[in-house]
Amino acid sequence: MTGLSMETAARMARIALGHVAQEYPHKLDHVLGGDEDARPPRELHPVFFGSFDWHSCVHGWWTLLTVRRLHRDSAEALEIERLADSTFTAEKIAVERAYLDRPLSRGFERPYGWAWLLYLHLEAAKHADQSWAGELAPLASAFADRFRTYLQILTYPIRAGAHSNTAFALVLALEWAERFDEPLADLIRSRSRHWFTADRDAQAWEPSGDDFLSPTLTEALLMQRVLTEEAFGEWFGHFLPRIDQRRPETLFTPATVSDRSDGKIAHLDGLNLSRAWCWRLLGHQDVAEEHLAAALPHVAGDYMGEHWLQSFALLALLATRTIQADALIPPSPH
């Protein structure tokens, strides 16, 4: 079992197909060095110009390829294949790759977009036809090199609840590196243990008003990946010593979203989904289901959430096998 029914997969695919090639509205991560740099998204990023911003387009594509692999015979799979074939071309990837060589692009999408690109390449490599993985390989290699340099100069981890979070990026990047780049995997494990091993009695002062990641749970998930089972058990017991009492309470309470038309406040639906992903993988299914139930009805409805939330819903659903999701995910209105 995949944990993803045909009906749910089809709904997610329709949502993602509706935005990965939608150029506007668009929020660029782009530093201008002169008038000549003022260009539209489709020229700067001919592959990842949709989904409101570059990183959301990358993980929108991860959603599509994942759905295609898990439900190869679905009606949406053929549409995904056709769009991928016309999108992941050597010519278009070369433009994306050249963008990284701009002197002003050093910090472009660091580290969130980097990690999702590696995760997309990893997903593409799971398909029988390796053509998409082959086209994406130069970008994956470039971002792996950037991770290598960045981890050597990053003195302190970033513990925010949004795109700059170090632990989340390393969870995704480590999974890629374990298959394609063992020296990078070793570096990720080493830096993770250096930064987080001494952490004790997490207070979990979260969520902040626009979090879509739990700094506490994402760190725990990373440490689960880089420590032995025995060492992680001991570390986790010190890190969250009152978990059997559902403390800190905030980690067990789904976030409230007051306005889903506000792009930042809508992040909190993503927080509930990413917490569900973490809780499931940390072995707490009941709490995961509480968070899933709070967020799954809202992955469609307003573009501020719709352009990205299905990726986090998919992470959670593939890690969670007990919730009945079909009735909770509404059809996209588009």
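Here are Leu314, Leu227: which of them is under 28 Å from Trp176 (Cβ atoms), modelled with pLDDT of 95 or more and open to solvent by less than 30 Å² (accessible area, probe 1.4 Å)?
Details: Leu227 fails: open to solvent by less than 30 Å² (accessible area, probe 1.4 Å).
Result of the check over Leu314, Leu227: Leu314.
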When Phe108 is evaluated against the numbered criteria (1) open to solvent by 70 Å² or more (accessible area, probe 1.4 Å); (2) outside any helix (DSSP H, G or I), which criterion, by number, is the only one it fails? (1)
Is it true that Glu23 is within 18 Å of Leu139 (Cβ to Cβ), open to solvent by less than 50 Å² (accessible area, probe 1.4 Å), of a type in the set (D, E, K, R) and in contact (Cβ under 8 Å) with a residue 12 or more places away in the chain? no
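Looking at Glu76, is it in a helix (DSSP H, G or I), of a type in the set (D, E, K, R) and either open to solvent by less than 30 Å² (accessible area, probe 1.4 Å) or touching a residue at least 12 places away in the same chain (Cβ under 8 Å) (or both)?
On the way: in a helix (DSSP H, G or I): yes; of a type in the set (D, E, K, R): yes; either open to solvent by less than 30 Å² (accessible area, probe 1.4 Å) or touching a residue at least 12 places away in the same chain (Cβ under 8 Å) (or both): yes.
Considered against the rule, which asks whether it is in a helix (DSSP H, G or I), of a type in the set (D, E, K, R) and either open to solvent by less than 30 Å² (accessible area, probe 1.4 Å) or touching a residue at least 12 places away in the same chain (Cβ under 8 Å) (or both), Glu76 comes out as yes.
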Can you list residue pairs whose Cβ atoms sit under 6 Å apart, with the first residue in segment 84-101 being open to solvent by 50 Å² or more (accessible area, probe 1.4 Å) and the second being not in a helix (DSSP H, G or I)? Count only pairs 6 or more apart in sequence or on different chains. Lys92/Pro46; Lys92/Val47; Val95/Pro46
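Results for (1) of a type outside the set (A, V, I, L, M, F, W, C); (2) more than 23 Å from Ile158 (Cα to Cα), shown as yes or no for each residue.
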{"site": "Leu217", "(1), (2)": "no, no"}
{"site": "Ile243", "(1), (2)": "no, yes"}
{"site": "Gly270", "(1), (2)": "yes, no"}
{"site": "Arg280", "(1), (2)": "yes, yes"}
{"site": "His284", "(1), (2)": "yes, yes"}
All but one of (1) outside any helix (DSSP H, G or I); (2) touching a His at 6+ places or on another chain (Cβ under 9 Å); (3) not basic (Lys, Arg) hold for Gly33; which doesn't? (2)
What number of residues in segment 157-207 are part of a helix (DSSP H, G or I) and more than 14 Å from Arg110 (Cβ to Cβ)? 24
So the check is Cβ under 6 Å with 6+ separation or different chains; which pairs have a first residue in segment 38-61 that's closer than 23 Å to Leu122 by Cβ and a second one that's open to solvent by 20 Å² or more (accessible area, probe 1.4 Å) and assigned to a helix (DSSP H, G or I)? Pro46/Lys92; Pro46/Val95; Val47/Lys92; Phe49/Arg42
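The rows are residues; the columns are (1) out of contact with any Pro (no Cβ under 9 Å at 6 or more places or on another chain); (2) open to solvent by less than 10 Å² (accessible area, probe 1.4 Å); (3) closer than 22 Å to Leu314 by Cβ.
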| site | (1), (2), (3) |
| --- | --- |
| Trp114 | yes, yes, yes |
| Ala133 | yes, yes, yes |
| Ala144 | yes, yes, no |
| Phe147 | no, yes, no |
| Pro157 | yes, no, no |
| Ala177 | no, yes, yes |
| Leu184 | yes, yes, no |
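The values are calculated or read from the model by the stated rules, or taken from the named source; none is laboratory data. Just so it is clear, the model here is predicted, and its values are computed rather than measured. For neighbour counting, all protein chains shown are included, and Cβ atoms are generated from backbone atoms with ideal geometry for every residue, glycine included. Surface accessibility is based on the protein's heavy atoms, side chains included, excluding ligands, DNA and RNA. Shrake-Rupley method; radii C 1.70, N 1.55, O 1.52, S 1.80 Å.
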